[in-house]
Amino acid sequence: MSTESSILLSIDGAVERPLRLSLADLSALAGQVPDVSQLVPGRQGVGVTLAALLSAAGVQPTSKWLTLHAAADDFHASIPLESVREQGLVLYRLGDQPLPASAGGPVRFLIPDVAACHTHEVDECANVKFVDRLELSVERGFDNRPEDERAHAALHRQAQK
Ligand SMILES: Nc1nc2c(c(=O)[nH]1)N[C@H]1C(S)=C(S)[C@@H](COP(=O)(O)O)O[C@H]1N2
Ligand SMILES: [Mo]
């Protein structure tokens, strides 16, 4: 689809058509969300719906899990696909610029209606920043979200550095 160097997001695993998407590819997809603050107060940026990405990739019916990978800081979350299939968003732009790292860019996953950290399988911790790969699978994928308050607090201290 695009030249190697400009790939921001891959979608693979149990899909019909694995995708490797650049900023231009993301902008050209159906399901654009021009202003995420309309949907999620306090969040800014331009995004595309997870539903549009999944439909472009053609999710295999056996897919039950979505794993969000961030190679940049080795952070990964695996969540039941059904819980985010309709509402999940992928942010990739702020105004006419790529989404800055300070906002979790170049690409960030965002669940509009989300549980507080650790209260649920699908929690705020699954709003993966710097996400570079969406992996669909039949079984649960890799997940290294912090498991308790202590690990969570340590992660947030690290993020502030
Ligand atoms: N790549 C990456 N994504 C991440 C994290 C992280 O450490 N690395 N922390 C998670 C956690 S624990 C939380 S609570 C949210 C916080 O995002 P916010 O600061 O935008 O609210 O990001 C999540 N996404
Ligand atoms: Mo979190």
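Listing for the model above:
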quantity	calculated
Heavy-atom accessible area ranking, 1.4 Å probe, most first, across 157, 150, 140	150, 157, 140
Cα gyration tensor, region 78-161 - rounded (a/c under 1.5), prolate or oblate	oblate
Within the accessible area of the chain (1.4 Å probe), percent carbon and sulfur	53
Anisotropy class of region 1-92 from Cα gyration tensor, a/c 1.5 cut	rounded
Region 97-136: radius of gyration and largest Cα-Cα distance (Dmax), Å	11.1, 34
Region 34-132: translational diffusion in µm²/s, Stokes-Einstein, Kirkwood Rh over Cα pairs, 4 °C, 1.567 mPa s	95
Computed over the chain: relative contact order in percent, which uses C-alpha pairs under 8 Å that are six or more apart	25
Structure-based [θ]222 nm, the chain - -39500 (n - 2.57) summed over DSSP H runs of at least 4, per residue, nearest 500	-5000 deg cm²/dmol
Hz values of 3J(HN,Hα) by residue in region 48-58 - Karplus curve (6.51, -1.76, 1.60), Gly and Pro given as x	9, 6, 4, 4, 5, 4, 5, 6, 5, 7, x
Alpha-carbon centroid distance for the pair region 110-136 / region 5-61, whole angstrom	15
From phi via Karplus (6.51, -1.76, 1.60), per-residue ³J(HN,Hα) for region 120-129 in Hz, x at Gly/Pro	7, 4, 9, 10, 4, 4, 7, 7, 6, 8
Exposure of residue 117 as accessible area (Å², to 10), given a probe of 1.4 Å and all protein chains	40
Solvent-accessible area of residue 49 with every protein chain in place, 1.4 Å probe, in Å² to the nearest 10	40
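The values are calculated or read from the model by the stated rules, or taken from the named source; none is laboratory data. Predicted model only: the values in this text are computed from it and were never measured. These area figures cover heavy atoms from the full protein model, side chains too; ligands, DNA and RNA do not enter into them. Shrake-Rupley method; radii C 1.70, N 1.55, O 1.52, S 1.80 Å.
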